[in-house]
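Report on the following structure.
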Amino acid sequence: MSNTHLNLGVCYYPEHWPRDRWEGYAAKMKALGLRYVRIAEFAWSRMEPEEGVYTWEWLDEAIDVLHRAGLEVVLCTPTATPPAWLVRSYPEILAHDEHGRVREFGSRRHYDFASQTYRAHSRRITRELASRYGQHPAVVGWQTDNEFGCHGTTRSYGPASRAAFPHWLQQKYGSLEALNQAWGNVFWSQEYTAWDQILPPNLTVTEPNPSHVLDYARFASDMLAEFQEEQIAILRELSPGRWVTHNFMIFFGDFDHYRASEALDFVTWDNYPTGMLEFFSDWVDEQTKLRFARTGHPDLISFNHDLYRGLKQGRSSAAASANGNSPARQSGFWVMEQQCGQVNWAPYNPLPAAGAVQLWTTQAWAHGADTVSYFRWRAATMAQEVMHSGLLRHDETEDRGFHEVKALDRSGMPNGEVRAPVALLHDYESLWIFDQQRHNAGLSYWTQTLTYYCALRSLGIDVDIVHPDADLSAYRVIVAPALTLMPEARLQRLEAAAHGARLVFGPRTAYRTESGRAFENGQFGSFKHLFGGRLLQFDSLRPGLTVGVGEHRVTTWAESFEPREGQSLHSYGDGPLEGQCAVLRHGNVTTVGAHSATLVREVLREVLREAGLSPQDLPEGVRISRRAGVSAWLNFNSEPITVAGRELAPVSFTLEAEQVMA
Ligand code: GAL
């Protein structure tokens, strides 16, 4: 898949530019040191201007031009943008939003994954495309569609999904008795007596049953995965020897990315640091946003690198690699779209700091990316993305990102392994149920998860983000910040993991069963012995209302435990939980009930020490990541910083031979 060192690529739209520019662009890409060019993910209207009429000549030429220049092509299925003729002939393919409104033609991603009509068109265009280019020497791999889940498009509430949902439920539950029991439908007389009485959980008077919503999330996620698997099967058949990937996107958590990546060869994601900070950062305050406005926040970015690096590790131990006892030792993801100037879609779109493009590229490599591909070649002179930058400006002159890419020295960036001693457990079902009933507007699944992740990164620790059912045998410390949904079989595996590793759990752990109900015997189900106690109370703290745990101020969430076999490490100093246990410890297992970034950091620091790791206190905005024997020191601050005897210039990195940790 890759050269020995970091590869570069670019996202390119030949259909946007006059034919006489193509050779010049290809030569310039090659001269810049790019290897891959991704094309055609939105070009359906140019491939098939009317049903069954294919116009491949332009794409033949576009691919040949790139090939002649020595570039390798990543070709995409164009299904993120069904053209107008298709939508008007088959309006049933359109998605509906949760208010029951049609999501109309005129932008992108306007389709329902459950539509059998659209599935047939998706298979047809994929087959045509793969028959024509599947064996072209320039085509080295495929991208399916584009950014599943972007613009809130995983869940549709239209006719296609409405029709498919009861069938999916019937497959899952077999009987209505089982479904009524699993969802607790005796509550508010929600019991069903026929499958066709069940609709998607939208348009209800007040909040729908969370178990209903949870299953709808699972259903929509399965529809998406099936949609993609149909394309992948065709690509495998007609394009042997080529890989297939998808470009996932930051915190778009409406579908199970583990499931969706199972059939892929490797995973890619789209990294827009400044846009991400503006959009997806409930957990940072305004001051932090301001501080990192021109670089993005290092941990928000690296969380995604670590997440996507771990995705292919799968949802079960069986999916772990055969690489000795080191299931976590795979890297090999890509950044398919890397911001290289300002974006256009956030509420505010600051220009990146000088050096940011190099810093982001290096950070991606240090977290395991084998290829970083920039978005986009030339800034669009038309339509929705006119305000977005590219490597070239509108007028084709080289923009600042271009110069940074040109000047980047990749000789110190070998594409080897990332070896993280700590696993952070994450799953989408916990996210779906957690965020449905947050019980506190200031708290979310991502906020809680990021609090633990950032604490680890601020202590200089490399982290693998993995599914809780993955093989965990290689880790010394396992951190599970927000595993609210906890089947007992999973608790059993975690109990086994606690024989060899130290485990740290966050609030609301094992609060819900697989169907989203509370455990009949309370939090932790029948595994209270593992945690060493039981839940007493939980307290939702409104803004400004805090409670104390030692010197730490607790915000948003405080839960307390009654220690049984376990002991209390920290207790509440005031408020309704005064004197009760806030951090419970039993053997190798520590459970933190209070939401406080500083308390979490203190607890983790101690556990890391016990595990023989060497936490170090890094200054804000400075991070270290290790890969293939190299340590990358990254400074996201706009000031120079001295850390552990080395000077880091503003918005910069240095690469050093790794000092082996104890
Ligand atoms: C991505 C998307 C691209 C482009 C880009 C702009 O989310 O995949 O097609 O829209 O954002 O930043």
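Its Cα gyration tensor gives segment 484-641 an equivalent ellipsoid. The semi-axes, each the square root of 5 times an eigenvalue, are 29, 22, 15 Å from largest down.
Net charge of the neighbourhood of residue 226, taken over other residues with C-beta under 14 Å away and scored Lys/Arg +1, Asp/Glu -1, is -3.
Every Cα-Cα pair in the chain was counted, and those over 41 Å apart are 28% of them.
Taking the 1.4 Å solvent-accessible surface of the chain as the whole, the part contributed by carbon and sulfur is 50%. Hydrodynamic analysis of segment 477-573 uses the Kirkwood radius over alpha carbon pairs. Inserted into Stokes-Einstein at 4 °C and 1.567 mPa s, it gives a translational diffusion coefficient of 90 µm²/s.
Where does the charge balance sit around residue 611 when Lys and Arg score +1, Asp and Glu -1, over other residues with C-beta under 12 Å from its C-beta? List each step's numbers first, then the result.
Details: positive: 476, 502, 605, 609; negative: 606, 610.
Summing Lys/Arg as +1 and Asp/Glu as -1 gives +2.
Taking the Kirkwood radius as Rh and the Cα radius of gyration as Rg, segment 123-213 has a ratio of Rg/Rh equal to 1.19. Taking only protein heavy atoms and a 1.4 Å probe, what accessible area per residue, in Å², does the chain have with all protein chains in place? On a per-residue basis, 36 Å². Applying the criteria of a DSSP loop state and at most 16 other Cβ atoms within 10 Å to the GluC sites (Glu not before Pro) of segment 539-573 yields 551, 565.
Rounded to the nearest Å, what's the spacing between the alpha carbon centres of segment 356-394 and segment 82-158? Just the number, please. After rounding, the separation between the Cα centres reads 25 Å.
Net charge of the neighbourhood of residue 53, taken over other residues with C-beta under 15 Å away and scored Lys/Arg +1, Asp/Glu -1, is -2.
Stokes-Einstein at 4 °C, 1.567 mPa s, Kirkwood radius from Cα pairs: D for segment 357-415 in µm² s⁻¹? Intermediate values should be presented prior to the final figure.
Numbers: Rh = 12.5 Å.
Estimated via Stokes-Einstein, D reaches 104 µm²/s.
Using a simple charge model, +1 on the beta-carbon of Lys and Arg, -1 on the beta-carbon of Asp and Glu, nothing else, what dipole does the chain show about its Cα centre, in debye to the nearest 20?
On the way: 61 positive and 78 negative charges, 170 e Å.
Taking the Cα centre of the chain as origin, the dipole is about 820 debye.
Considering only beta bridges that DSSP places wholly inside the chain, some 45 percent are antiparallel. Each of 349, 418, 244 was placed along the dipole of the chain (beta-carbon charges, centred on the mean Cα), and the one lying farthest toward the positive end is 418.
The values are calculated or read from the model by the stated rules, or taken from the named source; none is laboratory data. Note that this is a predicted model, so its numbers are computed, not measured. Backbone-built Cβ (ideal geometry, glycine too); neighbour counts: all protein chains shown. Ligands, DNA and RNA are excluded from the accessible area calculation, which covers all protein heavy atoms including side chains. Shrake-Rupley method; radii C 1.70, N 1.55, O 1.52, S 1.80 Å.
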